[in-house]
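Colleague: Take a look at this one; I'll ask things after.
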Amino acid sequence: MTEKELICVNCPMGCRLTVTMEGKEVLSVKGNTCPRGEAYARQECVQPMRILTSTVRINNGTHRVLPVITEKEIPLELMEQAMAEVREITVDAPVEVDTVILENIAGTGVNLIASRSMKHA
Ligand code: SF4
């Protein structure tokens, strides 16, 4: 059995969580004040997820790059593959906020969208 210490990031209380594991199986979570803490700890230990935020190149925009974000969290283990796809993207201005820039990033079923609008320069 192993123990992992985590801090829950779901609210400002930042509860300190202690997760007991047997191999890849979570046996118990302690230290959480509410059920969200346990769900977070289980997800984090079994398949950590993250929102990807980055930028892509944009032609004729008011800036050289356009900020982008995934609509939902994606598995942390696919972040490198997702970033490789992001680096290949160039879009043309103008772009509206929430426009889908890339569907199904890294095969996750999650879309990459523009996190701001950008006008033609
Ligand atoms: S366990 Fe609940 S109360 Fe504690 S930080 Fe997480 S969400 Fe907040």
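Colleague: State the number of residues belonging to region 1-24 that are surrounded by 11 or more Cβ atoms within 10 Å (Cβ to Cβ) and either more than 16 Å from the ligand (Cβ to nearest atom) or of a type in the set (Val, Ile, Thr) (or both).
Modeller: 7
Colleague: Continuing with this model, one more query. Within region 25-58, how many residues turn out to be among the polar types (S, T, N, Q), more than 16 Å from the ligand (Cβ to nearest atom) and modelled with pLDDT of 95 or more?
Modeller: Selection size over region 25-58: 3.
Colleague: It is to be established whether one or more residues within region 59-77 are exposed (fewer than 11 other Cβ atoms within 10 Å of the Cβ), more than 16 Å from the ligand (Cβ to nearest atom) and under 24 Å from His120 (Cα atoms).
Modeller: Checking region 59-77: at least one residue is exposed (fewer than 11 other Cβ atoms within 10 Å of the Cβ), more than 16 Å from the ligand (Cβ to nearest atom) and under 24 Å from His120 (Cα atoms).
Colleague: Let me ask something else. How about region 25-57: which of its residues are among the charged types (D, E, K, R) and surrounded by 13 or more Cβ atoms within 10 Å (Cβ to Cβ)?
Modeller: Those that are among the charged types (D, E, K, R) and surrounded by 13 or more Cβ atoms within 10 Å (Cβ to Cβ): Lys30, Arg36, Glu38, Arg42, Glu44, Arg50, Arg57.
Colleague: Here's a follow-up. Suppose we keep only residues that are surrounded by fewer than 13 Cβ atoms within 10 Å (Cβ to Cβ) and more than 25 Å from Arg42 (Cβ to Cβ) within region 78-88. Which one would you say is nearest to the chain's Cα centre (by Cα)?
Modeller: The qualifying residue nearest to the chain's Cα centre (by Cα) is Ala84.
Colleague: Taking region 54-101, which residues are free of Cβ contacts under 8 Å to residues at least 12 places away in the same chain and aliphatic (A, V, I, L, M)?
Modeller: Val65, Ala84
The values are calculated or read from the model by the stated rules, or taken from the named source; none is laboratory data. All values reported here derive from a predicted model rather than from experimental measurement. With ideal geometry, Cβ positions are generated from the backbone for all residues, glycine too; neighbour counts draw on all protein chains shown.
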